[in-house]
Every structure is written in structure tokens, then in C-alpha cells.
Amino acid sequence: MKIHQQIMKKVGLYFLSFLLIGSITSCNRGKHFISDEKYRLKVEKAFEKQKVLAKNRSKDLFKVFDGKLTLEEKEALQFLYAYMPLSDLADYNGDFFLKNVRSSLAARDTFSWGKTIPEVIFRHFVLPVRVNNENLDSSRWVFFGELKNRIRNLPMKDAVLEVNHWCHEKVTYKGSDGRTSSPLASVKTAYGRCGEESTFTVAALRSVGLPARQCYTPRWAHVDDNHAWVEAWVDGQWHYLGACEPEPVLDMGWFSAPAKRAMLVNTNVYGDYEGPEDILFKDERFTRINILSNYTTTKRIFAKVTDEHGKPLDSAVVEFQLYNYAEFYTLAKVYTDKNGLCSFRTGLGDLLMWASKAGSFGYKHVTVKVTDTVTIVCALKPGKDFTESFDLVPPPTVPDNRKISDSLQQQNSKRFAFEDRIRSNYEQTFIDSAKSLRLADNLKLNPDSLWTILQKSRGNWREIISFISSVPEEQKQWIFPLLYSLSDKDLRDISPDVLADNIPSSVFNSPSSLNRKFFVDFVMCPRVDNEFLKPWRAWFRERFDSSFRSSAEKDIKTITDWINAYIIINDKAAYNNTPLTPIGVYELKVADKHSRDIFFVALCRSLGIPARLETATSVTQYLKDNKWVDVYFETQQAEVLNKGTLVLLNDPANKKKPEYYIHFTVEKYMDGFYRSLDYEIDPVMQSFPAKVSLAPGPYLLVTGNRVESGTVLANLLFFDLLPGKTKEVRITLRQDPAPLPVYGKISLAEFRKEIFQGIKPMKDNSKGFIVAWLEPGKEPTRHFIADLVQKKSTFESKGGTILLLFRNDAEKDDFARKNANSLPGNVSFITVPSSPLSKIVSTTGRISGNDLPVVAYINAKGEINYLSEGYKIGIGDDLLGLIK
């Protein structure tokens, strides 16, 4: 007992749990992890191929097999290695994966459900460490240590629900950029977008041996957004749950009704999966499955592809595309058979079906509900100017009629609030402004700048202070320029060693002629794209000597030739779109093109050469004579192309200012399809006319105006951009010809009386009311509030009354305390009984009132011109269009 107590004092509870893992898995040394001999041989063959692919990291990755392993451990480890993406082979070591294997086997042997899980389910949905494109961390055994006693005696279903409650104690929803935080980083910062919440929740469930998978609707059909959630395997069936959004039962969530309008729900399964689900895509390393049938009515639609003479085309590429974010997003990519046929199972809305073969293409707008087989003729060639319009209709609204008792819902709501307090108490450990001020004084730094950074860093503030404290006095001037060059998410999970790598190395290599901002953004900054940050700068300086640097400064071919000579490109093995770190690329000597490009930029910066990936096109560039020069690896193109100029004009008839990825996109023709250029955050698209310099070639301008029903009034404008020429293109948003809807009419006098209940209303009601019943803490409400915050000044200038309604005073007061300062000044917070909502429901007959938020616009005559229930993106824009 004394020995155990001493161990606990020295290494803590988590490490003790991990010691237990080793002892559990040392039993049954002769038991196979993969009992199917045929499948085992398939894994062994794939494993040997990976050994060849990763030969340059052989010691780091494969030495672990020389240690003392049980047969189960060996086969489980081989399975992981056999199907690893390049990023995992490049940036992690064998000991790490062995720890994860042992933790997984320990979880299986710890809990009663471990012996009920079929081998194939455990292999594909418990053992794999990776969920998405997150950095891998030690969460498997950390979460096991936290959760094992909490759920040990629960039935499997209750254990899943309990893990989700624990997840809600740790993390809540907040939108952020596309890079996925690791599970432990999400815990540290206490929030994440849906992709991070679901990655975290899957990691937590798997840590205790509960099979789980991340589910995506990559794009909704009825709103410009997407969503991710979780499915857990319980007693023989898959059930869904909202990640970090615990409900009283499984198969329930705010997204239940929207999912009934989806056109695809899919998940990537690690390894060569042979399950019963509909396969979207099968690769030698992973399987993408279509699980839409778990949520809604589906239909298999067929495409027949022919040439212009009616001859069926074999191996033509067909993409089933869905309009969303002003682009046509590929839901599925399929190849035709010898009869020119292929198919896809989807929902009952509209798609654009696009086929391509040998430089020709064709497309059709399709309403799936009334279509069985579509014939697409590949007779079009890129470069011709023409335009086409059509309306894209989403699947119809299907109400979610599942109900639970009021008592169960109230019990869950109380627990939900308690978990919010647990997480809030943790957030109170983040640094406050007073402590930040004292630190600024001690460190002799600008207090406002320091507080801005530390506030954004949240749970990572100690790591930021650790870095700042280590910077020598003569280099302190670079602290804030470096920190401000990073994203908010970087500040929340970056390590001190990454930060410390940049100032001395960058200053040492600083070109004297370089403008300070360019130096910070394109030499000093460690962030290139969406890669995981590691300290590569000094590491590269040790491996590329001064003569290499001198040569590279004179001719960039010194770097590109080295890359072409030593780095093998393998896009297929990088199937999960997780970039390798620059060090990982150097060590593995194998990379996908995107990781290769990141490596190029990192190596340039480490040598003091300004470099970047151009934001919109992702073209690799370096700075020469104060001009950005494109770099191409695959072709013999000249570094400076004779580019054309595209000028985008705003049609004066547009009732709203077009926004990129909301109302329009510019797409470039690539290998038979048009792909969007990423101008979302580029200032050039913030005002019109917008002028951009682009490589010559065929382009497509997509515009779309989404009306209240979710239908999109779309237009496609094909055009060709010639070398050295200027092309003017007008952005015209098609207008909804329907008159302003009136869903019902109420007595304003009675309504005001019920709403305000003695509270003095605002005087100016000539512009009507915006009334919203909220459910704080839930993602649909957070989206609506984010709209109000983002367009605060516009709502204030438009005038009118915005009423945010709550179920009780405690909910209202807590929400107002957290959000009042960031919301428009014409917002009022009011607690009301359910009768005003019931009046809206009964008057219009359009909504149930069960899914919050319910948002209505009521004009000065008492007419209800707008009504939204539950999850909807863009409510703010809809409302601003109605307020006169």
C-alpha cells in the first residue's frame, strides 16, 4: 500500500492508470487481435507496403516491434500502421502508438461491454487514434483515467450518455477556423466548433472502449453551413448524439430535424472496412461510407454519361454537387462503368450532376425526388462564354416528432446548467485583466497588448507567459509582432518552444531591406497554412548550411531543385488532408503536394527568404525585388506568368452587397471541373469594383440568392480570361419575385402586454419587432446571437426593437451578463411565459414552437413577415432585409 501511495504521489493518478494498462494487456499473449486469417494477411501485406513507404523513419516507427509485445498488441499495432496517413507516419513515433494500443485493449478489458463488441467494430471504431485532421495527443489514456470510475458500473447506453455529459463539462460550442484542435487542446481552451467537439467526443468514447465515429453532413441543402456530430455503437446498433450537447436519450439533438433535409451524411472509416453501409469511396487505407439512411428518406439516382454522339463513356468522372456557400460542393465522386452508368444514394432535393472525360464536360440540374436516371452529354469544352440560371430546391421540411417527458427534460436542463457552471469555474482559472496588468508591469510590456493576447489564449496563457519571460531584453520588441501574426486558435494551443524558435532565428536571418510587416508576416511567423506547429526554424538551420542559404538567396531553384530531388510526392497516402509538419516532410522524404508547399515556405522563411501560400489560389510564392513570384513544381511553367486581370462589378440592381462565399464565388477550371478560389478573407473582395490578377484560362462565376424557404436562385456565368487582358464581369443576384410574405396577424396591443408585463417598451415601434425565444448554450441559438453581434452597428442604425425572450430570470440574467455588451443597443432581455410563443404558433400554423430559437419579425401592423424555428444560418441578414 505504501508503495502504491508513493507511486501516486510521484506520477499522479493518470500515470498509475497507464501502468495498469500494461499489466492488463500482458495476459493472453497467444490471442489474435485479428481472428480472420484472410483479413490478417491483407493487413500484413498493407503493413509491409507502409514499411517501404516510411523507410526513412524506420527506426522511429518500427523499432517498437522489437520490444516485448503480445500477439494482440503486435497485430493491433500492425493494423494501425497498415492504414496510417502520411501525417501519422511522418510526425509520430512507435512508442506513442503502442501506448494507444495498450490503452485501447485495457479499456476493452476494464468494462463489461468490452467482451460484447464484435471484433470488426472494435478494430475500426475503438482502436484508431485519429478522428479527423487533429494533432494526435495523449488523450486516450488521460481520458481513460478520468472516466473509468465514473462509468465502470453503467450499462453501455448510459455510459455513452454519461461520457457526453462529461464532455459538456469540458467543452462547449464556439465557431473558429478550419484547423482542428486536438482533444486535449479543446479541453484546455473549453470550447470548439462542431468538428472539434465531435473529434473530442469520439476520442473520449473510444478511450473507454465505446465504439464511436464522427459523422458529417459536409454541406446542408437548406442553409449555407455544415455540421458534425457523433454516432456511438450500443448493443448492436448505431445511435447518434450531439457532441458536448447531452440529451436525456440517444438519437436526439437540435439537428434531428435539419438532418431530415440532408443530402448526405458520411463518415470516414479507418482501414479496409467491410461493413454493411453504403460505400461512397474505398481506398486501400480508408473507406468512406454513406449513412444518410440513418436519418432521412433516401433515393438512389443514376447517371448515364455519353459523348456527343450518344456513345456511353467508360470511366468518366461524375460528381454529384450540392449548392452551398455560393459554390457547388462535391458530395460524391464516382466513375462510370462500361455502360456509362454510375449512381449515388442521396436525399430528395436538387443537385448539379457534372461529368467529365478527356477534356470535355457536361452537367445537368436535377430534382432527385422526381428523377431516376439522368443522361449527361460530355460535349462542352472549357473557354466558351455563356450563362445559365436555375432554382435549386432543398428537401422539404420534415418535423421531428420525437418527444420526451417534461420531467426528464427538466432534469436534463438542470444538469446541463450544472455542467455549464463546472466549465465556467474552470474558465475562472484563466488569467484576468488585473493579473495581466501586474505581469505587464513586471515584464515591462505594454499592458493593453499583453491583455489582448492573454485573453485570447484562454487556458494556454501560462505557456504564452513562459515564452515571453524567456525572451532576452534586446529581442522583446519582437514579442507582440510575433504573437499578433498568429490566429486566435494558435494562441490557444501553441507551445513555448515553437514561439521561442522564431525570434532569435528570424532576427538572425532578417533581410535588411525588408519592410517590417513583411518580415513579421512572411519570415518570422511560424504559421504557413493549417499544419500543426513545431519548432522547425533552428532545426532547418542546422541541416542547411550558410552556402545553401547564399545560393538560395541568389536563385530559388536551389530550394526547388532540392525538394524535387529528395521529396517523393504521394497525394493518395495523405488521404485525411492532414498536412505533414515541415520537419515531418524532411524526415519522411515523402509528402503530398500541399505539405510539400508548406515545407517550401517554411524552409524559405528559415533562411530569411519571405514566402507564403497565396490566400486565394494556394500557389506557392516567394518575394523577389518586392514582388511575389509564383513557384511551380509539377510543370515547367515560367515563374512569372502573363496573367490576366479580372474585374468584378456589383450590379446596381442588387438589393444587398454581394459577399464572397455567401452570394458569389469565382471558380477556376481544373481537370474537367471548376474549383472555387478562396477569397473569403481577402480584402480585395470587400469593395467593388474588385480587381484580381489570375492565371489565364477558363473560369466560372457562381452567384446565388438563398430565399427564406432555403431555395437558391442560382446563376452560372462561364468565361475565359486571356493572357495580359482585362475581363469585366458583373455580379448579378437574381431576385425573388414573390411578394413579402404575411404568415399571420396578431393584436399588437395584446402582444405587447404579454411580452412586456409592466416593463416599459421602447417608444419607436414604427419599424416593428424582432422577437426571439432563445435556448442559451445550444448551437442554433449561438448562431443567431453571432449574427446580431457581427452586424451590431447595422441593427442599431436600422432601428426597431429586438426582444430576446427567456424561460426564467436566472437564464436571462446569466445570458445578459455574458452577452449584453457585445449585442446591439436596441436589444431588450425579457422573461416571459409561453403564451406569446403559443400565440405565434397557433396564429401561423407553420411551426411547432418546440425547437428554439424561434425568431419572428412582426411589422408595425402586427403582420408576421418572418418566422424561423430551430437551426438556421443567416437569420441576421434575413431580418435586416425586412426592417424598413
- Query: Of Leu533, Leu491, Leu482, which residue is open to solvent by less than 10 Å² (accessible area, probe 1.4 Å) and within 25 Å of the chain's Cα centre (by Cα)?
  - Reply: Leu491
- Set Gly195, Gly209, Gly175: member being open to solvent by 10 Å² or more (accessible area, probe 1.4 Å) and either small (Gly, Ala, Ser) or more than 22 Å from Phe111 (Cβ to Cβ) (or both): Gly175
- Condition test on Thr367, is it open to solvent by 10 Å² or more (accessible area, probe 1.4 Å), out of contact with any helix residue (DSSP H, G or I) (no Cβ under 6 Å at 6 or more places or on another chain), free of Cβ contacts under 8 Å to residues at least 40 places away in the same chain and under 19 Å from Phe390 (Cα atoms)? yes
- Task: State whether the residues of the range 860-871 include one that is at pLDDT below 85 and in contact with an Asp or Glu (Cβ under 6 Å, 6 or more places away or on another chain).
- Result: no
- Count - residues of the range 50-79 that are surrounded by 13 or more Cβ atoms within 10 Å (Cβ to Cβ) and free of Cβ contacts under 8 Å to residues at least 60 places away in the same chain: 17
- Message: Suppose the filter is more than 30 Å from Lys725 (Cα to Cα), among the aromatic types (Phe, Trp, Tyr) and modelled with pLDDT of 95 or more; does Tyr575 pass it?
- Response: no
- Condition met for Gln214 (polar (S, T, N, Q) and open to solvent by 20 Å² or more (accessible area, probe 1.4 Å)): no
- If you take the residues in the range 89-121 that are more than 30 Å from Lys534 (Cα to Cα) and not in a helix (DSSP H, G or I), which one is most open to solvent (accessible area, probe 1.4 Å)? Pro118
- Taking the condition open to solvent by less than 70 Å² (accessible area, probe 1.4 Å) and outside any helix (DSSP H, G or I), does Pro399 pass? no
- Message: Of everything in the range 767-779, what is outside any strand (DSSP E or B), open to solvent by less than 10 Å² (accessible area, probe 1.4 Å) and at pLDDT below 90? Give them in sequence order.
- Response: Gly768, Glu779
- Task: Kindly indicate the residue of the range 838-852 that is touching a residue at least 24 places away in the same chain (Cβ under 8 Å) and surrounded by 19 or more Cβ atoms within 10 Å (Cβ to Cβ) and also farthest from the chain's Cα centre (by Cα) among those meeting that condition.
- Result: Ile840
- Query: For the range 430-549, list the helices (runs of 4 or more DSSP H) that sit wholly inside it and hold at least 1 residues that are over 30 Å from Lys627 (Cα atoms); which are they?
  - Reply: 433-443, 447-457, 461-470, 488-493, 496-500
- Message: Residue pairs, Cβ under 7 Å, 6 or more apart or interchain, first in the range 730-750 and surrounded by 14 or more Cβ atoms within 10 Å (Cβ to Cβ) and modelled with pLDDT of 90 or more, second among the acidic types (Asp, Glu) and outside any strand (DSSP E or B). List them.
- Response: Arg730/Asp651; Ile731/Asp651; Thr732/Asp651
- May I ask you to list the residues in the range 810-827 that are more than 17 Å from Phe418 (Cβ to Cβ) and crowded, with 16+ Cβ neighbours inside 10 Å? Lys812, Ala816, Asn819, Leu823, Pro824, Asn826, Val827
- Matching entry among Thr297, Thr287 (being surrounded by fewer than 18 Cβ atoms within 10 Å (Cβ to Cβ), over 16 Å from Cys378 (Cα atoms) and of a type in the set (Val, Ile, Thr)): Thr297
- What do you reckon, is Gly710 out of contact with any strand residue (DSSP E or B) (no Cβ under 6 Å at 6 or more places or on another chain), more than 19 Å from Ile662 (Cα to Cα) and in contact (Cβ under 8 Å) with a residue 60 or more places away in the chain? no
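The values are calculated or read from the model by the stated rules, or taken from the named source; none is laboratory data. Quick caveat: nothing in here was measured; it's all calculated off a predicted structure. Every residue, glycine among them, receives a Cβ derived from its backbone with ideal geometry; neighbour counts consider all protein chains shown. The accessibility values were calculated without ligands, DNA or RNA, using every heavy atom of the protein model including side chains. Shrake-Rupley method; radii C 1.70, N 1.55, O 1.52, S 1.80 Å.
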